[in-house]
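Input: a single structure, listed below in structure tokens.
Readers should treat all values here as calculations from the given coordinates under stated rules, not as data from a laboratory. All values reported here derive from a predicted model rather than from experimental measurement. Cβ sites come from the backbone with ideal geometry, for glycine too, and all protein chains shown count toward neighbours.
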Amino acid sequence: MSPRDAKFVRELLVLVLTVGILACLTERVAFGAGQEQKSSGITNIEATAVIGLRIEVHAADKPIAIPYCGENGAGEYFFCSGDAHLEVLRRGEWVPAKPRKGLLAVMGAEPDTVQKRLLVEPQKTVYFVFNFDKAFFGIQKDERLRMQINTWNVTESIGNRDAQVTISSPEVECP
């Protein structure tokens, strides 16, 4: 697959994921659409099983370059979806977490224009956050999880699969 075709596929996946998210959001709005609110106040409350992982990345003697797609205002970064993924330990093997069967979801990646480049200098530490819904991935309490993160030695190499170094987090038990 040519780089141009790969970019097209990534952009198509982003579009499909965005449309799916918007469809879910508008469906939620549609339930209350057309109904006049009788008084001000809380109109809905939902509980979710969202898990937040805080990942500490430390550069020892060489810099680490990591693409990111946002920050939360507290000095923590968000991964770009194509360069970090969650894994689950199942039957003694690490497997990528995938949407449960039957869900109409497509995992995508952000276009290169959204990606920013972070260089973690030697002896420095940065923090990333990764939030996910246990039910979406069919992950159970007490299952073992880890993150796989694609990194590079210099920001100019980001995206070059030949220069990519994938690092694994320590494992953590799902609450």
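Fully extending the segment from residue 40 to residue 124, taken as 0.36 nm per residue of separation minus the present Cα-Cα distance, adds 25.3 nm. The dipole here belongs to region 48-173: it is taken about the Cα centre, uses +1 on the Cβ of Lys and Arg and -1 on the Cβ of Asp and Glu, and is about 440 debye. Applying 0.36 nm per residue to the separation of residue 56 and residue 90 and subtracting their alpha-carbon distance, the gain on full extension is 9.8 nm. Measuring r between the beta carbons of residue 141 and residue 76 and using R0 = 30 Å, the FRET efficiency lands at 0.75. Ranking of 171, 87 by neighbouring Cβ atoms within 10 Å, starting from the fewest: 171, 87.
3J(HN,Hα) along region 138-149: x, 8, 9, 4, 6, 5, 8, 10, 8, 10, 10, 10 Hz, from the Karplus curve 6.51 cos²θ - 1.76 cosθ + 1.60 with θ = phi - 60°, whole Hz, x for Gly and Pro.
Compared with the alpha-carbon gap, the fully stretched path from residue 157 to residue 171 is longer by 2.3 nm at 0.36 nm per residue. Shown in residue order for region 81-96 are the 3J(HN,Hα) couplings computed by the Karplus curve 6.51 cos²θ - 1.76 cosθ + 1.60 at θ = phi - 60°: 4, x, 10, 8, 8, 8, 10, 10, 7, 10, 6, x, 10, 7, 10, x Hz (x for Gly and Pro). Near residue 117, the amide H atoms lying under 5 Å from its own belong to 68; only residues 5 or more places off or on other chains count, and H is placed 1.01 Å from N. Amide H contacts of residue 153 (H built 1.01 Å from N, in plane; Pro and chain starts excluded): 65 sit under 5 Å, all sequence-distant by 5 or more or on other chains.
Normalised by residue count, region 48-173 yields a Cα convex hull volume of 130 Å³ per residue.
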